[in-house]
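Student: Once you've had a glance at the structure underneath, I'll fire off some questions.
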Amino acid sequence: MEPITIYKGRAAALDRKNVDTDQIIPKQFLKRIERSGFGEFLFYNWRFDEDGKERPDFELNQPHNQNTSILIAGENFGCGSSREHAPWSLKDYGFDIVIAPSFADIFKSNCMKNGMVPIALTQDEVKYLMERVSAPDYELTIDLPNQTLIDGQGFEVSFEIHPYWKEMLVKGWDEISITLQYDEEISAYEQQKKVVSST
Amino acid sequence: MGKSIIEKIWDRHIVNEEENKPDLLYIDLQYIHEVTSPQAFEGLRLKGRKVRRPDRTFATMDHNVPTVNRYFIEDDIARKQLEALDQNCKEFGIRLADLDSPEQGIVHVIGPELGLTQPGMTIVCGDSHTSTHGAFGSIAFGIGTSEVEHVLATQTLWQTKPKTLKLEVNGKLGQGVMAKDVILYVISKFGVDFGTGHIIEYCGEVFRDMSMEERMTVCNMSIEGGARAGLVAPDETTFSYIKGRKYVPKGVEFEQYVQEWKSLASDEDAVYDQEIILDGSLISPMVSWGTNPGMASGVDGNVPTFAEDIIDSKELNRALEYMGLEEGMPITNIPVQHVFIGSCTNSRIEDLRQAAEMIDGQTVQKGVRAMVVPGSQSVKRQAEDEGLDEIFKSAGFEWRESGCSMCLSMNPDAVPSGEHCASTSNRNFEGRQGAGARTHLVSPAMAAAAAIYGKFVDIRNLKKTEQVH
């Protein structure tokens, strides 16, 4: 996993609430057995019409949203299915950071396992950013160690992230290799198993 | 201060606890299916890692499997995914209920059937509807593929302790009102994210009176309210359901477990982060009209209007446009061209019995395509033993093989664009049952009635209602 510390990028606004993972990556693209190559299917049914042609009115197809790497969306982003294909497709398309007033639990966790930062801001802060991101020179800077987001034009907010996840993301660690260091504790737990039968 | 069942189970599974870290939680059981596991096994192979506890892992094939001619999988990529699961299970020594197995079925149907799911456990699967298993008094939640790999390698997960939410529904449900209606009512009232960050404990007379099948329907849809998990404390209903099942301990050992499982019940002075109390007698049979499970109304109600201001006008506009509905129209004026009875929400034997009772010698309306997809091979055999398949077939329903089928249409079963489907599944998201498909979530009895009438009807006004529920 690539470490993330200070991140700069332009943002795209998707002003919709409750964007579910069926929209982020529709089910017909979940059959691949690799982790890569999902970006071209991101928001497929919103981006393309039935003949496979781009829908010009969809937010990400608009010219000012090209070459963006931060996605700003409405509340409860990533609800529904647990498919990790959702962050895989966002990342493969080019989004490393997602900003929203709130995230669905499983999606949020899936993002952090893939070196992506989900940033929850207030409704007002999200609205403020959405109103400004279409300007060509508007850039956001995320300082993950210090948990701040600035726009270089006087807007600065801090955001919450669990210290464990922050460290994982900043250092780009592989979580399984860390957990394997707890092998003794896991074995001890298994030995004195407190509840439930064997399977 | 007392503890809730959620805290009791959580605390018993903590392997490591330290400051500034989530808890390292032991996972008793992991279910695996073909769609969310191939990349996890590949990850293990790339690092030369083993599966720590193959004996605490169980796999099946469900999402991609055809429900007719099930051995002929036209889609090359889908077939490769099934083959990959077969090879991965062989390589890592994991039990697999494949297409040849009499135990095959939807993962959330077969786990409880086999007695793998038991009270007090922590259970995960790369599938958000893992919350189903909470019906047995376990903490069961969906995870992503990276977490699937993490559990395969370590049998643990780093998890921050969730908040607790007590959802109490008191009173008696009216005739024709079922578990599906209760959970759709709750989500329509509180929204699709009221449970985010929480585990729900379902309490009160309504859930106590429910069978295990009904509790599974409720817990299944916890995730549609944003909660990763929801559970019901185990009781005599639970114990009598699991007793004698394949993987459940027998005899004296079983009785010892029952004593331990009883001790899981929440203490009377347990404190929850949130509490909700509702009156079950106020619930009508529900129908979803929009593009998420919170957009639902009683069958005796209407599609909302912009003036009512219940839903953000932009969201309402998008939903009505996609669904092809007018604001304010009565739910009973919505036409139905497809009916799907199946999915991990409502494909168990009791669900099929309720749908069959509703049919009672009537036939599917002309122009309606209706199908029943049993949740497992075991449910299918039992339904056939009871003659339910004949009731469905002679009414004009298609009788299929088990799998996820039209709940998410990864296999060939789909609804054409612009057509309406009365579905017993769990999600009415855009495109879920096919590009442009218009899904309406309902109970099995409501779905069967919609098949007969070609539109939604209030089953409480039908003579047969007295026999249902």
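The values are calculated or read from the model by the stated rules, or taken from the named source; none is laboratory data. Keep in mind that this is a model prediction, so the values were computed, not measured. A quick note on method: Cβ atoms are made from the backbone with ideal geometry, for glycine too, and the neighbour counts reach across all protein chains shown. When the accessible area is computed, the model is the full protein with side chains, heavy atoms only, and any ligands, DNA or RNA have been set aside. Shrake-Rupley method; radii C 1.70, N 1.55, O 1.52, S 1.80 Å.
Student: Would you say B:Ala265 is in a loop (DSSP other than H, G, I, E, B) and open to solvent by less than 30 Å² (accessible area, probe 1.4 Å)?
Tutor: no
Student: Let me ask something else about it. Would you please list the contacts, defined by Cβ atoms under 7 Å and residues six or more apart or on different chains, that run from a residue in the range B:73-99 that is at the interface with chain A (Cβ under 9 Å from one of its Cβ atoms) to a residue that is crowded, with 20+ Cβ neighbours inside 10 Å and among the acidic types (Asp, Glu)?
Tutor: So the pair list comes out as B:Gln81/B:Glu34.
Student: Also: Considering only residues of the range B:65-119 that are acidic (Asp, Glu) and under 30 Å from B:Val258 (Cα atoms), which is surrounded by the fewest Cβ atoms within 10 Å (Cβ to Cβ)?
Tutor: B:Glu103
Student: Mind checking which residues of the range B:125-157 are among the hydrophobic types (A, V, I, L, M, F, W, C) and more than 7 Å from chain A (Cβ to nearest Cβ)?
Tutor: Passing the criteria: B:Cys125, B:Ala135, B:Phe136, B:Ile139, B:Ala140, B:Phe141, B:Val148, B:Val151, B:Leu152, B:Leu157.
Student: Shifting gears a bit: With the condition kept exactly as written, say whether any residue in the range B:357-379 is touching a residue at least 12 places away in the same chain (Cβ under 8 Å), assigned to a loop (DSSP other than H, G, I, E, B) and of a type in the set (D, E, K, R).
Tutor: Taking every residue of the range B:357-379 in turn, at least one turns out to be touching a residue at least 12 places away in the same chain (Cβ under 8 Å), assigned to a loop (DSSP other than H, G, I, E, B) and of a type in the set (D, E, K, R).
Student: Something else: Condition first: on the phi > 0 side of the Ramachandran plot and either within 18 Å of the chain's Cα centre (by Cα) or open to solvent by less than 30 Å² (accessible area, probe 1.4 Å) (or both). Now tell me which residues in the range B:201-255 satisfy that.
Tutor: B:Gly204, B:Gly226
Student: Can you tell which of A:Ile150, A:Ile178, A:Ile142 is of a type in the set (A, V, I, L, M, F, W, C) and at the interface with chain B (Cβ under 10 Å from one of its Cβ atoms)?
Tutor: Among A:Ile150, A:Ile178, A:Ile142, only A:Ile178 is of a type in the set (A, V, I, L, M, F, W, C) and at the interface with chain B (Cβ under 10 Å from one of its Cβ atoms).
Student: Against the definition (at pLDDT 95 or above, under 25 Å from B:Met121 (Cα atoms) and open to solvent by 50 Å² or more (accessible area, probe 1.4 Å)), how does A:Glu185 come out, yes or no?
Tutor: Answer is yes for this residue.
Student: Tell me which residues, restricted to the range B:78-109, are β-branched (Val, Ile, Thr), farther than 19 Å from A:Lys27 by Cβ and touching an Asp or Glu at 6+ places or on another chain (Cβ under 6 Å).
Tutor: none
Student: Quickly run through the range B:105-139 and pick out the residues that are more than 21 Å from B:Phe254 (Cβ to Cβ), outside any helix (DSSP H, G or I) and hydrophobic (A, V, I, L, M, F, W, C).
Tutor: Once the filter is applied, which keeps residues that are more than 21 Å from B:Phe254 (Cβ to Cβ), outside any helix (DSSP H, G or I) and hydrophobic (A, V, I, L, M, F, W, C), the range B:105-139 yields B:Ile106, B:Val124, B:Cys125, B:Ile139.
Student: Given (1) of a type in the set (Phe, Trp, Tyr); (2) within 14 Å of another protein chain (Cβ to nearest Cβ); (3) touching a Leu at 6+ places or on another chain (Cβ under 9 Å), identify the lone condition not met by A:Phe159.
Tutor: (2)
Student: Test of understanding: among B:Val252, B:Val248, B:Val287, B:Val258, which residue is in a strand (DSSP E or B) and β-branched (Val, Ile, Thr)?
Tutor: None of the others qualify; the one that does is B:Val287.
Student: Can you pull out every residue in the range B:424-446 that is in contact with a Lys or Arg (Cβ under 9 Å, 6 or more places away or on another chain) and either away from every other protein chain (no Cβ under 14 Å) or not in a loop (DSSP other than H, G, I, E, B) (or both)?
Tutor: Those that are in contact with a Lys or Arg (Cβ under 9 Å, 6 or more places away or on another chain) and either away from every other protein chain (no Cβ under 14 Å) or not in a loop (DSSP other than H, G, I, E, B) (or both): B:Thr424, B:Thr439, B:Leu441, B:Val442, B:Ser443, B:Pro444, B:Ala445, B:Met446.
Student: Give the range B:171-192 a look and list any residue that's open to solvent by 10 Å² or more (accessible area, probe 1.4 Å), of a type outside the set (Gly, Ala, Ser) and in contact with a strand residue (DSSP E or B) (Cβ under 9 Å, 6 or more places away or on another chain), or say none.
Tutor: B:Tyr185, B:Lys189, B:Phe190, B:Val192
Student: Quick one: in the range B:1-41, of everything that is of a type in the set (Asp, Glu) and open to solvent by less than 10 Å² (accessible area, probe 1.4 Å), which residue is nearest to the other protein chains (Cβ to nearest Cβ)?
Tutor: The residue in question is B:Asp28.
Student: Show me the helices (runs of 4 or more DSSP H) entirely contained within the range A:1-97 in which 2 or more residues are more than 12 Å from chain B (Cβ to nearest Cβ) and surrounded by fewer than 22 Cβ atoms within 10 Å (Cβ to Cβ).
Tutor: Hits in the range A:1-97: A:85-93.
Student: Moving to a separate point now. Out of all the residues in the range B:172-206, which are hydrophobic (A, V, I, L, M, F, W, C), farther than 15 Å from B:Ile276 by Cα and within 14 Å of chain A (Cβ to nearest Cβ)?
Tutor: B:Val192
Student: May I pose another question? Could you check B:Gly195 against (1) open to solvent by 10 Å² or more (accessible area, probe 1.4 Å); (2) within 27 Å of A:Gly78 (Cβ to Cβ) and say which number it fails?
Tutor: Result: B:Gly195 passes all but (1).
Student: Across the range B:311-344, what is the total count of residues that are part of a loop (DSSP other than H, G, I, E, B), within 14 Å of chain A (Cβ to nearest Cβ) and on the phi < 0 side of the Ramachandran plot?
Tutor: Matching residues across the range B:311-344 total 3.
Student: Quick check, is B:Leu157 aliphatic (A, V, I, L, M), open to solvent by less than 10 Å² (accessible area, probe 1.4 Å) and either outside any strand (DSSP E or B) or free of Cβ contacts under 8 Å to residues at least 12 places away in the same chain (or both)?
Tutor: Judged against the criteria, B:Leu157 is not a match.
Student: Among the listed residues B:Asp127, B:Asp55, B:Asp62, identify the single one that is acidic (Asp, Glu) and either farther than 29 Å from A:Cys79 by Cβ or surrounded by fewer than 24 Cβ atoms within 10 Å (Cβ to Cβ) (or both).
Tutor: Only one candidate qualifies: B:Asp55.
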